[in-house]
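Colleague: Before anything else, here's the structure in question.
The values are calculated or read from the model by the stated rules, or taken from the named source; none is laboratory data. A quick note: this is a predicted structure, and the numbers were derived from the prediction, not measured. Note: ideal-geometry Cβ built from the backbone for every residue, glycine included; neighbour counts use all protein chains shown. To get the accessible areas, we keep the full protein, side chains included, count just its heavy atoms, and leave off ligands, DNA and RNA. Shrake-Rupley method; radii C 1.70, N 1.55, O 1.52, S 1.80 Å.
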Amino acid sequence: MLLAFAVSALPAYSASKTIVVLGDSLSAEYGLTRGKGWVALLEQRLQQKNITATVINASISGDTTSGGKARLGQLLDKYHPDIVIIELGGNDALRGLSLNASEANFKSMIEMATAKHTKVLLVGMRIPPNYGPDYSERFFSLYAKLAKSMKLALVPFLLEGVAEKIELFQADRIHPVAEAHPQILNNVWPHLLPLLGK
């Protein structure tokens with residue numbers, strides 16, 4: 001009886017996990033001192049919570065869903081991750097690329113990951129309304145559509161609580177300053193945590 005209690009009392013996150021973050025400049029610490037971005041903060045929080053996990057930040061500034069699709073296969077083969085966080089799409093929209101093409105690229109990445117029994121956390125993004133409200137809304141709703149149809153965990157909007165505060169952005173008005181990244185992590189964390197369970 002005592003043994004059974006001891007086993008059940010083990011932490012739910014005892015098995016080591018590998019997490020790959022496949023993102024763009026918002027995850028690649030663009031314009032920041034190294035170690036100040038939300039992915040680095042994620043590593044710190046995992047340690048603080050005694051969750052054994054390795055985080056590989058495979059983010060590249062300027063990357064698109066097409067670039068992510070081209071890179072993901074090699075990352076899956078190299079790291080065999082338990083979880084892939086896909087934080088892409090913003091550059092597709094800023095370049096006015098076809099939403100259908102972006103959707104197809106997302107689907108390909110998700111299918112590649114799930115074929116390897118890798119869980120996917122999709123990270124939603126918004127773009128400025130000056131790209132036209134119709135395009136902006138269809139772009140934003142794409143993430144929820146994919147998450148629902150492919151049964152994925154979803155961060156509704158990476159920059160929730162940040163986007164409306166101009167003081168939290170670098171001079172380009174696109175990339176958040178270091179002070180914004182704890183909030184960005186807080187947006188990701190509650191959706192990632194369930195994926196870290198056994």
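Colleague: Give the aspartates and glutamates whose C-alpha is closer than 13 Å to that of LYS151, dropping any in the same chain fewer than 8 places away, or say none.
Modeller: Of all the aspartates and glutamates, those that pass the test against LYS151 - Cα under 13 Å, at least 8 places apart if same chain - are GLU111.
Colleague: How far apart, in nm, are two points set 7 Å out from the Cα along the Cα-to-Cβ line at PHE157 and at ARG95?
Modeller: The modelled label-to-label distance comes out at 2.5 nm.
Colleague: Only Cα pairs under 8 Å and at least 6 apart count here; give the relative contact order of the chain as a rounded whole percent.
Modeller: Computed over the chain, the figure is 23 percent.
Colleague: Over the stretch 19-64, with the other protein chains present, what is the accessible area per residue in square angstrom, probe 1.4 angstrom?
Modeller: I get 45 Å² per residue for this part.
Colleague: Tally the DSSP beta bridges in the chain and give the antiparallel ones as a percent, rounded to 5. Intermediate values should be presented prior to the final figure.
Modeller: On the way: 1 of 18 bridges.
Looking only at bridges with both residues in the chain, the antiparallel portion is about 5 percent.
Colleague: Would you mind calculating the gained length between LEU193 and ALA171 on full extension (0.36 nm times residue separation, minus the Cα-Cα distance), in nm to one decimal? Could the numbers behind the result be given before it?
Modeller: Values: separation 22, 0.36 × 22 = 7.92 nm, distance 3.28 nm.
Fully extending the segment from LEU193 to ALA171 adds 4.6 nm.
Colleague: Evaluate the distance, in nm, between pseudo-label points positioned 7 Å from the Cα of SER141 and of ASN50 along their respective Cα→Cβ axes.
Modeller: Placing both labels 7 Å along Cα→Cβ, they lie 4.6 nm apart.
Colleague: Quick check: pseudo-label points 7 Å beyond the Cα along Cα→Cβ at ARG71 and LYS116, how many nm apart are they?
Modeller: Placing both labels 7 Å along Cα→Cβ, they lie 1.4 nm apart.
Colleague: Any idea of the accessible area per residue across the stretch 134-180, 1.4 Å probe, to the nearest Å²?
Modeller: Details: 2690 Å² over 47 residues.
Result: 57 Å² per residue.
Colleague: Sticking with this structure for a sec: Select one label from (i) 1, 6, 12, 14, 13, 10, 7, 5, 4, 4, 4, 5, 4, 4, 3, 2, 1, 0, 0; (ii) 1, 6, 12, 15, 15, 14, 12, 9, 7, 5, 3, 1, 0; (iii) 1, 7, 16, 20, 20, 16, 9, 5, 2, 2, 1, 0, 0: the one whose number is P(r) over Cα pairs in 5 Å bins from 0, in percent as derived from the coordinates shown.
Modeller: Of the listed options (i) 1, 6, 12, 14, 13, 10, 7, 5, 4, 4, 4, 5, 4, 4, 3, 2, 1, 0, 0; (ii) 1, 6, 12, 15, 15, 14, 12, 9, 7, 5, 3, 1, 0; (iii) 1, 7, 16, 20, 20, 16, 9, 5, 2, 2, 1, 0, 0, (iii) comes from this structure.
Colleague: Right, next: Distance from the Cα centre of the stretch 52-83 to that of the stretch 138-153, in angstrom?
Modeller: When both Cα centres are located, 20 Å separates them.
Colleague: Considering only protein heavy atoms, what per residue accessible area in square angstrom results for the stretch 77-131 with a 1.4 angstrom probe?
Modeller: Values: 2530 Å² over 55 residues.
Dividing the accessible area of the stretch 77-131 by its residue count gives 46 Å².
Colleague: What percentage of the solvent-accessible surface of the stretch 50-198, computed with a 1.4 Å probe over protein heavy atoms, is contributed by carbon and sulfur atoms?
Modeller: 55 percent
Colleague: For a paramagnetic label modelled at 7 Å from the Cα of MET150 toward its Cβ, which residues of the stretch 54-76 fall within the zone defined by backbone nitrogen distances under 11 Å?
Modeller: 69
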